[in-house]
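Visitor: Have a look at the structure that comes next, please.
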Amino acid sequence: MYKELPTMTMDINGVNELIDPNSDLTVVESDLVQEFSEQPSKFAFYGGLHSDSLITLERLKSILQQYEAEHEIEMRNRIFNRYGPSERVTEAKLQAEFARDPDWQKANATLIEWKQTVGRLEVLKEAFKQRAQMLWNIGATRRQEMVRLNTESEEQ
């Protein structure tokens, strides 16, 4: 059963572009020469997107860590106000206080979305490796058919 992959909108060289992996993964058997010639650039494109998304993910993690470092004292004060000054500030309470913060929630949601994007691009990169193998197999099958047909025609 064939299911369509979701499309993505991504910033490519400063322009938001719609990425449709369905059309890029499709193989037109009637034009294998074109498919063979486009395969490396398709793999490089999606591999590059995956690589760029990993860098973006690391930047987002860093931004979130920086936010937590800059606001730790504020969060500790919130805990003191909520529980009293005698309450011990644990890592769990600190994380819970950050989880209540709307700015932290937005940044964390963005981080989670990027993790999903990285995962999708990783799967697409792997799909293009499989596509290349499939093209080689189709090409080998076609060559075998041509040899068989040539041999049959020579025998006649």
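Read-outs: derived from the displayed coordinates by stated rules, not from any lab. Fair warning: this is a prediction, and the values are worked out from it, not measured in the lab. A quick note on method: Cβ atoms are made from the backbone with ideal geometry, for glycine too, and the neighbour counts reach across all protein chains shown.
Visitor: Using θ = phi - 60° and the Karplus relation 6.51 cos²θ - 1.76 cosθ + 1.60, list the HN-Hα couplings for the range 120-126 in order, rounded to whole Hz, with x at every Gly or Pro.
Guide: 4, 5, 5, 5, 5, 4, 5
Visitor: What percent does the relative contact order of the chain come to when contacts are Cα pairs within less than 8 Å and at least six residues apart? List each step's numbers first, then the result.
Guide: On the way: 85 pairs, mean separation 43.5, N = 156.
Reported as a whole number, the value is 28 percent.
Visitor: Over all directions, the average projected area of the alpha-carbon convex hull for the range 46-155 comes to how many nm²?
Guide: On the way: hull surface 37.4 nm².
Value for the range 46-155: 9.4 nm².
Visitor: With θ taken as phi - 60° and the coefficients 6.51, -1.76 and 1.60, list the Karplus ³J(HN,Hα) couplings across the range 58-72 in order, rounded to whole Hz; mark glycine and proline as x.
Guide: 5, 5, 5, 4, 5, 4, 5, 5, 5, 4, 5, 5, 6, 10, 4
Visitor: Right, here's the next one. Taking neighbour Cβ counts within 10 Å as the exposure measure, how do His71, His50 sort from fewest upward? Spell out each step's value before the answer.
Guide: Details: His71 16, His50 19.
The most exposed by this proxy come first: His71, His50.
Visitor: State which entries of Lys93/Lys125; Lys3/Lys115; Lys61/Lys93 exceed 30 angstrom in Cα-Cα distance in the structure shown. Mind showing how you got there, number by number?
Guide: Working: Lys93/Lys125 40 Å; Lys3/Lys115 22 Å; Lys61/Lys93 21 Å.
Among Lys93/Lys125; Lys3/Lys115; Lys61/Lys93, the Cα-Cα distance tops 30 Å for Lys93/Lys125.
Visitor: Non-local amide H neighbours of Ile12 (under 5 Å, H modeled in plane, Pro and chain starts lacking H): which ones?
Guide: Glu17
Visitor: Within 10 Å, at most 11 other Cβ atoms, and a DSSP state outside H, G, I, E, B define an exposed site. Report the longest part of the chain free of exposed GluC sites (Glu not before Pro).
Guide: In the chain, the maximal stretch lacking such sites is 5-86.
Visitor: What does the helix-only formula give at 222 nm for the chain: each DSSP H stretch with n ≥ 4 adding -39500 (n - 2.57), the total divided by the residues, and the result rounded to the nearest 500 deg cm²/dmol?
Guide: Mean residue ellipticity at 222 nm (helix-derived): -28000 deg cm²/dmol.
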